[in-house]
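Written out below as structure tokens is the structure these notes cover.
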Amino acid sequence: MKPNILFVAGRSSCVQVLESAALQASLLPDVCDSAAHAVERLVSQSYSALVVDLEAFGAENVLRMAHLLPASERPVVFAMVSDRTPVATAYEFRASFVLYKPLQPEQVLRSLRAARGFMPLERRRSARRVVKSLVHFDLPGSAGYPAMLLDVNATGMSVQTTGAIPLRDTVPFRLQLPQGGIVRGAAEVLWTDSSGRAGLIFSRLAGQARQSIVSWLTSQGDLQKTGRVRGKRHVALAAGSL
């Protein structure tokens, strides 16, 4: 199966050029209409490459989430820039390649072909990350604060965020369990660290939502007997532990 590539581009003219070049470079194109959808795809799906229009709303979150992935699963990143977005911005977000708008089909095709050498052959569209999932925190003044789930039990969770999450008594969240539906509730932020990791304890979780988590953990063989969240406010714990 061919390597695949995810596009986050607003203008239809850009999408047409990107899709055409991807097919010529033997890449399977996948187009996202919003940054929020792109973040969800990156968590649930493996991609060989990622193209992000830096003028798209939420582009920074997509690029940050791409770099939260394990090194072996990170896509090769392309940043699309215009005369309104300095090239330095692309490298600030650690893009490997820069595409200039208006897109020139020849330039895009050359860049995609050059990037093929950096795409491991074992990355496939069918590859799934079963352990990791997406959490959205609904913070005041924010359209949604995405994070990657590192660990969860019946009483709390640890996450890797795209930026430092503020310490708060309660923060509403939406947790997408892999093949287990959406769990909604509120949690208290117990600790954070400078890398964006955080530990939270559930402060409001409906019985049905808690049962969904327990059922999912049981199906994975990961139900913990203690169910306790370990940690103190301002104390950083190892990633993956609560």
Charge context of residue 105, other residues only, Cβ under 15 angstrom, K/R +1, D/E -1: +2
Cα radius of gyration and Dmax for region 146-187 (Å): 10.5, 30
Volume per residue of the C-alpha convex hull in region 1-67, rounded to whole Å³: 72
Extended-chain gain in nm, criterion 0.36 nm per residue less alpha-carbon gap, residue 118 and residue 195: 25.1 nm
Extended-chain gain in nm, criterion 0.36 nm per residue less alpha-carbon gap, residue 184 and residue 106: 23.4 nm
Qualifying chymotrypsin sites (Phe, Trp or Tyr not before Pro) in region 55-112, DSSP loop, other Cβ atoms within 10 Å at most 15: 57
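Quick note: the coordinates plus some simple rules give every number you see, no bench work behind them. This is a predicted model, so every value here is computed, not measured. Neighbour counts are summed over all protein chains in view; Cβ atoms, including those assigned to glycine, are modelled from backbone coordinates with ideal geometry.
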